[in-house]
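This report refers to the structure that appears directly beneath it.
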């Protein structure tokens, strides 16, 4: 077999991806939509470039490696201590977020009329965030110290657990079984596998660590890479998908004392093979099939933005955070990516409605481009939305601190100009000025001269200034400003 032409094309595509990636970085775009776009440009269905692979099998195999390593790293980075130390709070926050998005996504899938299994896939595509994009945005936007960041990371942690359970269920649903007992048996095997691996990850880390007692980086890499691929195969055989098998072994290895060393080597491998996964997905897209799904995609995008705005505020309220933190959380968590594409790949292999793949591809392209742009400008968005509320609060605070003295000054001036008696304290008297509302005509027969009125006004204003400087509290800065 001659691979020269394919290697040349593949190398050229990666160079193009590098150039576009540099341009995308300048405006804050993640790599996922760029790799998909490059794959789409090289697709045999897209005739802009005369590029066509002679052999596609090895690219598909490398794409599987990419999928396995994406989920392996997701399990590796899962913070078990953080989850179990705040399990109740995290489950409530993350569960609320997932329930709102999943329920609406399922209803939206039924509205499309593509079928029940398709509705389940559409719900998963629109309901869960991209952990890779979320984490990358938090780092690049320098928001790791923000008060809402622990809440955001907590939601992604719960989403990771949900993905494992959800994929186990979806894989059984997509298997085509209609008899009840085979379905129950497959679900039982899937959940038993999940429970065993979670148990080993929680309490067996020190025993698994003994497998990695080597200082040779080459052997070390071969071992964990082999385990990731092997457990991906076990997961596929047991009916929980290769992605979940890789996620669970990553979870186990993340509990060992070699976690940081594995991450140091695994992340570059994930980035390279992950690029193959997104590139391969783009290669499978047909732009001519985008037209029938444009309206559903735009509806899904609108639903995602609106739902995330509400869910972000609700989760922020649960965590006793303000509306600004809720806006920051919603625009970051609305990013969609690798999980949506994984579900689309599963639906394609299961023979579901062929519109799901272009739907997922176009949806992820839009969300992965729009999401980072909104996240980068979330402070401006929150300032614009919350400006009326902040202005009203500042005016109320200013009026509260200003009104007593202002009312006194106005009353003094009004009384003098109306011809009423004003009793002002002497220089050695600390008493407050008092008003005698008896008209001048009753108090004394003569009218005051204009000079006396001016003197009284000046004295009243001077006395008010002295009292104000002594008693007036400083204005407080509004917390929402």
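The values are calculated or read from the model by the stated rules, or taken from the named source; none is laboratory data. Since the model is a prediction, treat every value here as computed from it, not as a measurement. No Cβ is skipped: glycine too gets one built from the backbone with ideal geometry, and neighbour counts run over all protein chains shown.
Please work out which residue is nearest to residue 349 (Cα to Cα), limiting yourself to region 162-183 and to residues that are without any contact (Cβ under 8 Å) to a residue 12 or more places away in the chain and surrounded by 12 or more Cβ atoms within 10 Å (Cβ to Cβ).
177
Could you tell me whether region 226-242 includes any residue that is modelled with pLDDT under 85, surrounded by 14 or more Cβ atoms within 10 Å (Cβ to Cβ), in a loop (DSSP other than H, G, I, E, B) and assigned by TED's automatic domain parsing to the domain that holds residue 59?
The answer is yes, given that some residue of region 226-242 is modelled with pLDDT under 85, surrounded by 14 or more Cβ atoms within 10 Å (Cβ to Cβ), in a loop (DSSP other than H, G, I, E, B) and assigned by TED's automatic domain parsing to the domain that holds residue 59.
Given the residues 96, 129, which is the only one that is assigned by TED's automatic domain parsing to the domain that holds residue 162, in contact (Cβ under 8 Å) with a residue 12 or more places away in the chain and more than 24 Å from residue 171 (Cβ to Cβ)? Before the answer, list the steps.
Details: 129 fails: more than 24 Å from residue 171 (Cβ to Cβ).
Of the residues listed, the single one that is assigned by TED's automatic domain parsing to the domain that holds residue 162, in contact (Cβ under 8 Å) with a residue 12 or more places away in the chain and more than 24 Å from residue 171 (Cβ to Cβ) is 96.
Determine whether residue 156 is in contact with a helix residue (DSSP H, G or I) (Cβ under 6 Å, 6 or more places away or on another chain) and over 29 Å from residue 348 (Cα atoms). Write out each step before concluding.
Values: in contact with a helix residue (DSSP H, G or I) (Cβ under 6 Å, 6 or more places away or on another chain): yes; over 29 Å from residue 348 (Cα atoms): no.
For residue 156, the condition - in contact with a helix residue (DSSP H, G or I) (Cβ under 6 Å, 6 or more places away or on another chain) and over 29 Å from residue 348 (Cα atoms) - is not met.
Let's see how each residue does on (1) within 13 Å of the chain's Cα centre (by Cα); (2) in contact (Cβ under 8 Å) with a residue 24 or more places away in the chain; (3) assigned to a helix (DSSP H, G or I):
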residue: 119; (1), (2), (3): no, no, yes
residue: 122; (1), (2), (3): no, yes, yes
residue: 133; (1), (2), (3): yes, yes, yes
residue: 139; (1), (2), (3): yes, no, yes
residue: 142; (1), (2), (3): no, no, no
residue: 146; (1), (2), (3): no, yes, no
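Consider residue 139 against the criteria (1) at pLDDT below 85; (2) surrounded by 16 or more Cβ atoms within 10 Å (Cβ to Cβ); (3) within 17 Å of residue 335 (Cα to Cα): it satisfies all of them except one. Which criterion is unmet?
The number of the failed condition is (2).
Scan region 116-134 and tell me whether some residue there is surrounded by fewer than 19 Cβ atoms within 10 Å (Cβ to Cβ) and either at pLDDT below 85 or out of contact with any helix residue (DSSP H, G or I) (no Cβ under 9 Å at 6 or more places or on another chain) (or both).
No, every residue in region 116-134 fails to be surrounded by fewer than 19 Cβ atoms within 10 Å (Cβ to Cβ) and either at pLDDT below 85 or out of contact with any helix residue (DSSP H, G or I) (no Cβ under 9 Å at 6 or more places or on another chain) (or both).
Does residue 221 satisfy the condition of being in the same structural domain as residue 174 (by TED's automatic domain parsing), surrounded by fewer than 16 Cβ atoms within 10 Å (Cβ to Cβ), in contact with a helix residue (DSSP H, G or I) (Cβ under 6 Å, 6 or more places away or on another chain) and farther than 22 Å from residue 368 by Cβ? Let's see the steps before the verdict.
Details: in the same structural domain as residue 174 (by TED's automatic domain parsing): yes; surrounded by fewer than 16 Cβ atoms within 10 Å (Cβ to Cβ): yes; in contact with a helix residue (DSSP H, G or I) (Cβ under 6 Å, 6 or more places away or on another chain): yes; farther than 22 Å from residue 368 by Cβ: yes.
Yes.
Quick one: which residue in 20, 29, 10, 40 is surrounded by 12 or more Cβ atoms within 10 Å (Cβ to Cβ), assigned by TED's automatic domain parsing to the domain that holds residue 287 and assigned to a loop (DSSP other than H, G, I, E, B)?
Details: 20 fails: assigned to a loop (DSSP other than H, G, I, E, B); 10 fails: assigned to a loop (DSSP other than H, G, I, E, B); 40 fails: assigned to a loop (DSSP other than H, G, I, E, B).
On inspection, the qualifying residue turns out to be 29.
Return only the number of the condition from (1) farther than 11 Å from residue 249 by Cα; (2) buried (at least 18 other Cβ atoms within 10 Å of the Cβ) that residue 203 does not satisfy.
Going through (1) farther than 11 Å from residue 249 by Cα; (2) buried (at least 18 other Cβ atoms within 10 Å of the Cβ) one by one, residue 203 breaks only (2).
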